[in-house]
1. Output the number of the condition that D:PRO173 fails; it satisfies all remaining conditions of (1) within 14 Å of D:PRO54 (Cβ to Cβ); (2) open to solvent by 10 Å² or more (accessible area, probe 1.4 Å); (3) touching an Asp or Glu at 6+ places or on another chain (Cβ under 9 Å).
2. How about segment A:154-168: which of its residues are surrounded by fewer than 24 Cβ atoms within 10 Å (Cβ to Cβ) and in contact with a Cys (Cβ under 7 Å, 6 or more places away or on another chain)?
3. A:ARG33 fails exactly one of the following numbered conditions: (1) open to solvent by 20 Å² or more (accessible area, probe 1.4 Å); (2) touching a helix residue (DSSP H, G or I) at 6+ places or on another chain (Cβ under 7 Å); (3) in a helix (DSSP H, G or I). What is the number of that condition?
4. In segment A:114-148, what residues are open to solvent by less than 20 Å² (accessible area, probe 1.4 Å) and either assigned to a strand (DSSP E or B) or out of contact with any strand residue (DSSP E or B) (no Cβ under 8 Å at 6 or more places or on another chain) (or both)?
5. So which residues in segment A:64-84 are closer than 29 Å to A:GLY118 by Cβ and either more than 10 Å from chain C (Cβ to nearest Cβ) or among the small types (Gly, Ala, Ser) (or both)?
6. Given the conditions (1) open to solvent by less than 50 Å² (accessible area, probe 1.4 Å); (2) facing another protein chain (nearest Cβ under 8 Å); (3) in a loop (DSSP other than H, G, I, E, B), and given that C:ALA21 satisfies all but one, which numbered condition is not satisfied?
7. I'd like the residue in segment F:25-63 that is among the hydroxyl-bearing types (Ser, Thr, Tyr) and more than 26 Å from F:ASP198 (Cβ to Cβ) and, out of all such residues, is farthest from the other protein chains (Cβ to nearest Cβ).
8. Any residue at all in segment A:165-184 that's in contact with a Phe, Trp or Tyr (Cβ under 6 Å, 6 or more places away or on another chain) and outside any loop (DSSP other than H, G, I, E, B)?
Number of protein chains: 6
Amino acid sequence: MNATTKLKPETLEKLARVSTATLCTQLFKRGLRNVFIQGVVRLTDPSCGNLVGPAFTMRNIPAREDLDQISAFENPEHPQRKGIESVPPGHVLVIDCRGETRVASGGQILTTRLLVRGAAGLVSDGPVRDSGPIAEMDFPVYCAGGSAPLNLIHHHAIDLNVPIGCGGVAVYPGDIIVGDSEGVVVIPRHLADEVASDAAEQELIEVFVLERIKAGAALPGTYPPDAETRAAYAAWRKERGA
Amino acid sequence: MNATTKLKPETLEKLARVSTATLCTQLFKRGLRNVFIQGVVRLTDPSCGNLVGPAFTMRNIPAREDLDQISAFENPEHPQRKGIESVPPGHVLVIDCRGETRVASGGQILTTRLLVRGAAGLVSDGPVRDSGPIAEMDFPVYCAGGSAPLNLIHHHAIDLNVPIGCGGVAVYPGDIIVGDSEGVVVIPRHLADEVASDAAEQELIEVFVLERIKAGAALPGTYPPDAETRAAYAAWRKERGA
Amino acid sequence: MNATTKLKPETLEKLARVSTATLCTQLFKRGLRNVFIQGVVRLTDPSCGNLVGPAFTMRNIPAREDLDQISAFENPEHPQRKGIESVPPGHVLVIDCRGETRVASGGQILTTRLLVRGAAGLVSDGPVRDSGPIAEMDFPVYCAGGSAPLNLIHHHAIDLNVPIGCGGVAVYPGDIIVGDSEGVVVIPRHLADEVASDAAEQELIEVFVLERIKAGAALPGTYPPDAETRAAYAAWRKERGA
Amino acid sequence: MNATTKLKPETLEKLARVSTATLCTQLFKRGLRNVFIQGVVRLTDPSCGNLVGPAFTMRNIPAREDLDQISAFENPEHPQRKGIESVPPGHVLVIDCRGETRVASGGQILTTRLLVRGAAGLVSDGPVRDSGPIAEMDFPVYCAGGSAPLNLIHHHAIDLNVPIGCGGVAVYPGDIIVGDSEGVVVIPRHLADEVASDAAEQELIEVFVLERIKAGAALPGTYPPDAETRAAYAAWRKERGA
Amino acid sequence: MNATTKLKPETLEKLARVSTATLCTQLFKRGLRNVFIQGVVRLTDPSCGNLVGPAFTMRNIPAREDLDQISAFENPEHPQRKGIESVPPGHVLVIDCRGETRVASGGQILTTRLLVRGAAGLVSDGPVRDSGPIAEMDFPVYCAGGSAPLNLIHHHAIDLNVPIGCGGVAVYPGDIIVGDSEGVVVIPRHLADEVASDAAEQELIEVFVLERIKAGAALPGTYPPDAETRAAYAAWRKERGA
Amino acid sequence: MNATTKLKPETLEKLARVSTATLCTQLFKRGLRNVFIQGVVRLTDPSCGNLVGPAFTMRNIPAREDLDQISAFENPEHPQRKGIESVPPGHVLVIDCRGETRVASGGQILTTRLLVRGAAGLVSDGPVRDSGPIAEMDFPVYCAGGSAPLNLIHHHAIDLNVPIGCGGVAVYPGDIIVGDSEGVVVIPRHLADEVASDAAEQELIEVFVLERIKAGAALPGTYPPDAETRAAYAAWRKERGA
């Protein structure tokens, strides 16, 4: 399955309503243990709620002083700038900063351009600069906090839309990125449809389980649910028409 | 002195009113330098103010893929689940996650069960999942932030209520755990009574010192107080009937 | 140029109005890549906005148990206490804690004394204790978060106003310290005048660029600006009388 | 299967003749990815070659200054000393030091006692002291190098022969420990028989493959072997009577 | 200048006779501060002395459990295997392992194939497996030590001969790699000719300086040499006919 | 007691014959837990055996690109060069590199000058360059391994013979430095006489204990020795005339 394989029409919407915790459990059930981007937090509080969209990637290698001067940006083909102009609408720009936390991946102007172009969000395993103004934007930004030094000090953008690592996780172009207040999970594209369905199911039963726990039920038999709890859940669900 | 030795009736109440900074100073005066759990922050803003209570512990070792599958939770004797059902009311569940930050110690359902059962709080040197909903709970939770992957990926719960390390600090069952907005201190049980008294004393004099500093007093003679300042403090205290 | 060389009268005021990101770019253009203090966040939300002022430094070495007892503070010449009494008004106390995050650099009483004495702010690459009360102070404090254990556990204050490292950056007495919500930059004193001017210029053009980007302009030609954009900027600037 | 389940008589001998690399591959084929103890090197060059034997474990928690004084060793029931007196002949003492590298796990006298008692070897994820004299011993010792400070500074031995973590790997009492010049692998006891057989098979074919590669064969078809290479291997093996 | 630009015929030979320390100084004089691969040691003691040759690169991203099974190697186009079959004679295979030290980059069979194919050497910022047998090979291997787990556990080879990072340093295909007993330096290809010449010059004068220092000369005037020392050096050099 | 206080004439000689492990134990008995320099190994194998001598210190802060150019060394007052010319015969140069492992503290020429001037040895918590040739010198060198980049990339030498931190340990000028194959311990000068005596005593009894352990004695009663063992030791010692 490649990066442009069609997803079911409802998949992205379903994914927008489930937590990254649930998605990690669903992927764990399928043998995938390393899907949560480490070292990254949500910087903004976007009105859209969760971040959801396919990955468009950018790869950085370490900077070299003779190549990575301010003048490098005068080249309109500079991959960092070209990358931002290339992210398709609805896609998430995922940047591989090799976990380097001492300098920024980008700043307010580039993030604003992403927003204007209709990108779904930004994920970087490095920090951003202008983190104060960016934190006020209505746009999903996940990164390693804020840091004022510019990217050229340690990064050289080299490739667009190739498989990368981000926060220790493999990200292939077209993989489905989901972010909530906890962080960002990477769903291999060919699993997105089934994971979306099963995650929605899981969350429904966990709503029921949580109600029971709040009402005083003990864990054994309730979480995970035994036959009796499952029957009660089926009835509860029927009532709710869910 | 063992984990069930009686404390003075007023000790826990006194401890709830002093800061972890003061408690660290009191323990330092007694030769204890390593009592503050490292790498842990307060996730919630509980109405009870400080966390105070005796420790009930849970120990994790690294997971092994053949043992630590989702099905493991179907066993009602699974130590993670059993542990939560065993924490005595008023006790603090302290979890040894070996400082592993890549996966969660537990999530909203388990934390809710702890709350319902009357536990005093939760301390873990790993993150929690569902950190968004947990942050809204009226329950003291201290942990290494939020992380979506489930515990089974890196943890195998193995023991309950044995001595553990948490955030680099020894925690013996029954030790008194105190948490404020800064973090969590572990007080060896046999020192709790005297430390509580001396900490309350120390904080009273620091209120006085801080007033003086705010009013323009220089540090020498004021902090630490010399004989004159101590005399002024004695008078101030008498006035206040403290 | 030494620590007391006069700056232009408007320099500090200009620096108070620009971001640390802009200052890092200006210093990068001058060949300085390592000017942003790593591992430090703003703890308070001071009404003065940015922190600006010349550095007054304090140096710590590792503690030794026989020297670093509570009684050490009874000596009025103890460098930590003397340092706080020596910071000239308008200066920033910058503390070298060797990046040690396990214990505090200082607490509420010392910070209050700094404020009362008219210091411009506090920067430490270690945490502070009493971080809750300090966070409420109207005083710029940058540090590695909060931590309850006292400084004597790992620090011995040894020198005042000597060149130090802080967060991996060289800080010479008299260097100009600027902090915003993102962090703290160290400007070598002899560069402060020119960097202040150029930073103000850079921010003005970036206001214009950001407007254009918000209005839908693409990056090429806009950021960095080409001749056409520069002409439009000149006109815009003239209109604004800037 | 518990710690005393019988292994096939030839299993330990087979394991002594294969590399930890081969064993990691065999365990990976069975879904086990985390079996190699991280951060540990072989300190000695024992005449027995590889280390092989069932694990006997010791668990440490962080030290506490009031408990962990020199006088603690006067208690003959001190778990560190008792542990060394309890390791059954042919077993490997595996010590959980929580990866703490600043102090030693033990020294020459304890290691000598282990040797005299007939232990198969010592594995610790902390350093040893007296690493110079120990390096000359004819006894397999794997550890995090040498470090002079004694264990009491950071460790309190608390448990014997319970499941532990060592170098990030789960170690259950009775698991089979194998060490070569590269490091130490932990084989879950119930897999030891089959892993030993398959590893021996794998190494035999790799001897053949390496011969071919040395003779100029290209990787494709040779490594991994295709049908033709497998046939040639079968013939080669028959010749050798292996 | 691209990866195939011709070097002067004597350049590689000159580089084989100078130390990486000297090369770092020469590159520092040209403004390049980040040219030494961090975290890598020489594993072998090759008869050829220093490693010298142009870089041929391999890039890894994090593994994903569904893709990175043992069966992956059956594909003759697997980039790790194809990469080894593609390294041109005289070139150095440089592998980007993202500094991951928990698993191997490769082992004895692959390294032997490199040797047979006439590669100049192997550099990886991860460990190798079979480090014992590899250490005996007459082939320059630089890596992060030895580690038994196979690459598939954490790596997915994805690209050949693209710019990469290795040990924190940018490596472009065709850059000149030089390794001595201290480690590995990366020389941008367009600087190789001049750096080789100047390094040879520098080492000659340092031979003279070291002789003087051994004979009792003080540092001032000798290192760096003043006019008088430079004159003595010129005479010494003339005598030697160098 | 200051840095020039006289030691007993036999103290240094006694210290040369005991291990750093024993010295750590003696200092632990006196309440000093942090005396072993972390992250440092012995690079050379000097004929003198252990390193012993009073500390002469050098302090580095982070480099700044405008100050730390190659030309800096032309100043004969450059503290790195001046420091080497100032170490008194018999003293140990101890360099504070802030644990920075990416660049060297110094190289072969400077180390040779130290040797010629009669210094007792070199200790640095950074690496050295020219580590290959230095490893062949008959001179005690302890450092964080070898690294080719020059000090100016990350260090600015700023102070001589002031209290410093090295490998996490406080070093005051005149403290007694002892190094063996395991590493380096720092003895506060005022404790050197008594620690030397007690360490010699401890090692003698440990020779006896080790003999007994080799002969099959169990730990209880032998290590630590009980009354009977102590009596046997007294006899053994008398026999030996020790």
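The values are calculated or read from the model by the stated rules, or taken from the named source; none is laboratory data. Fair warning: this is a prediction, and the values are worked out from it, not measured in the lab. Positions of Cβ are backbone-derived with ideal geometry, glycine not excepted, and every protein chain shown enters the neighbour counts. What goes into the accessible areas is simple: the full protein's heavy atoms, side chains included, and nothing from ligands, DNA or RNA. Shrake-Rupley method; radii C 1.70, N 1.55, O 1.52, S 1.80 Å.
1. With respect to (1) within 14 Å of D:PRO54 (Cβ to Cβ); (2) open to solvent by 10 Å² or more (accessible area, probe 1.4 Å); (3) touching an Asp or Glu at 6+ places or on another chain (Cβ under 9 Å), D:PRO173 is out only on (3).
2. none
3. Of the numbered conditions (1) open to solvent by 20 Å² or more (accessible area, probe 1.4 Å); (2) touching a helix residue (DSSP H, G or I) at 6+ places or on another chain (Cβ under 7 Å); (3) in a helix (DSSP H, G or I), the odd one out for A:ARG33 is (3).
4. Once the filter is applied, which keeps residues that are open to solvent by less than 20 Å² (accessible area, probe 1.4 Å) and either assigned to a strand (DSSP E or B) or out of contact with any strand residue (DSSP E or B) (no Cβ under 8 Å at 6 or more places or on another chain) (or both), segment A:114-148 yields A:GLY121, A:LEU122, A:VAL123, A:SER124, A:VAL128, A:VAL141, A:TYR142, A:CYS143.
5. Across segment A:64-84, the qualifying residues are A:ALA72, A:PRO79, A:GLY83.
6. (3)
7. Filtering segment F:25-63 for residues that are among the hydroxyl-bearing types (Ser, Thr, Tyr) and more than 26 Å from F:ASP198 (Cβ to Cβ), the one farthest from the other protein chains (Cβ to nearest Cβ) comes out as F:SER47.
8. yes
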